[in-house]
Amino acid sequence: MSAQPLLKTEYISPEEYIEMEIASDVKHQYFDGEVFAMAGAPARHNIIAGNIHGDTRFQLRGSPCVPFGSDQRVKVQESGLRTYPDVSIACEPHFENQKELDLLNPLVIFEILSPGTAAYDRGEKFRHYRQIPSLREYILVEQDRPHIEQFIRQDNGGWLLFEYDGLEAEFRLSSVQCLLRAGEIYERIAFEENPSTSMVSHEELQP
């Protein structure tokens, strides 16, 4: 989902933001005193996110790991960003307070890309997410073609990228016991073309 700044110019404290968010019917992202309204998503975006959440929830039953949908806010403590990933997974989740509004220790974050958010999700937002000590994987899923990018944190702090194309592709999450198949992620999504399966490993992104 894309985020649009509100027309309010004065600084908003984290406490004011939380109070506003509790009372609001619209989700907002918060960073550095600014509040951004989260625009709604098209049906295919929501179907893909629901498929990922449902599949990971099924595979993680009986484990201490829990997948969360887009209503679960995540806080990046180091930068102060508060935002709503499309899907996140945490094992023995920790929250900022007893209200459990802000998840602090996601292991995996999924974002569903759209033309309006792709640059932000790959760039500035990923820069924020990389500051979360617990985060081990960042998964970007395209809507308009069966293409998935999996970033895995390395021991040296860099991130290794794998790319998957086609509905026959499959990959494992390295941090939790899940095998994900592109055909299931994109279930009920129609594409004009069905590219052949391929996987490409790229150089690390340095911290």
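Given the residues Pro67, Pro85, which is the only one that is within 19 Å of Asn51 (Cα to Cα), surrounded by 13 or more Cβ atoms within 10 Å (Cβ to Cβ) and either free of Cβ contacts under 8 Å to residues at least 24 places away in the same chain or among the hydroxyl-bearing types (Ser, Thr, Tyr) (or both)?
Residue meeting the stated conditions: Pro67.
Among the numbered criteria (1) charged (D, E, K, R); (2) buried (at least 18 other Cβ atoms within 10 Å of the Cβ); (3) in contact with a Leu (Cβ under 6 Å, 6 or more places away or on another chain), which one does Arg153 miss?
Only one criterion in (1) charged (D, E, K, R); (2) buried (at least 18 other Cβ atoms within 10 Å of the Cβ); (3) in contact with a Leu (Cβ under 6 Å, 6 or more places away or on another chain) is unmet by Arg153, namely (3).
Which of (1) crowded, with 20+ Cβ neighbours inside 10 Å; (2) in a strand (DSSP E or B) does Lys125 not meet, given it meets every other one?
(2)
One line per residue, one yes/no per condition, for (1) within 14 Å of the chain's Cα centre (by Cα); (2) hydroxyl-bearing (Ser, Thr, Tyr); (3) within 30 Å of Ala190 (Cβ to Cβ):
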position: Ala23; (1), (2), (3): no, no, no
position: Ser79; (1), (2), (3): no, yes, no
position: Pro85; (1), (2), (3): yes, no, yes
position: Glu96; (1), (2), (3): no, no, no
position: Pro106; (1), (2), (3): yes, no, no
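Give me the residue from segment 93-110 that is at pLDDT 95 or above and either of a type in the set (Val, Ile, Thr) or in a loop (DSSP other than H, G, I, E, B) (or both) and, out of that set, nearest to Val35 (Cα to Cα).
Here the residue is Leu104.
Are there any pairs, at least 6 apart or on different chains, whose C-beta atoms fall under 6 Å, with the first in segment 15-29 and within 16 Å of Ser70 (Cα to Cα) and of a type in the set (S, T, N, Q) and the second modelled with pLDDT of 80 or more and surrounded by fewer than 18 Cβ atoms within 10 Å (Cβ to Cβ), and if so, which?
Gln29/Phe36
Quick one: in segment 88-115, of everything that is among the hydrophobic types (A, V, I, L, M, F, W, C) and touching a residue at least 40 places away in the same chain (Cβ under 8 Å), which residue is farthest from Glu15 (Cα to Cα)?
Ile112
The values are calculated or read from the model by the stated rules, or taken from the named source; none is laboratory data. Computed from a predicted model, the values in this text were never measured in an experiment. Methodologically, a virtual Cβ is constructed for each residue, glycine included, from the backbone with ideal geometry; neighbour enumeration extends over all protein chains shown.
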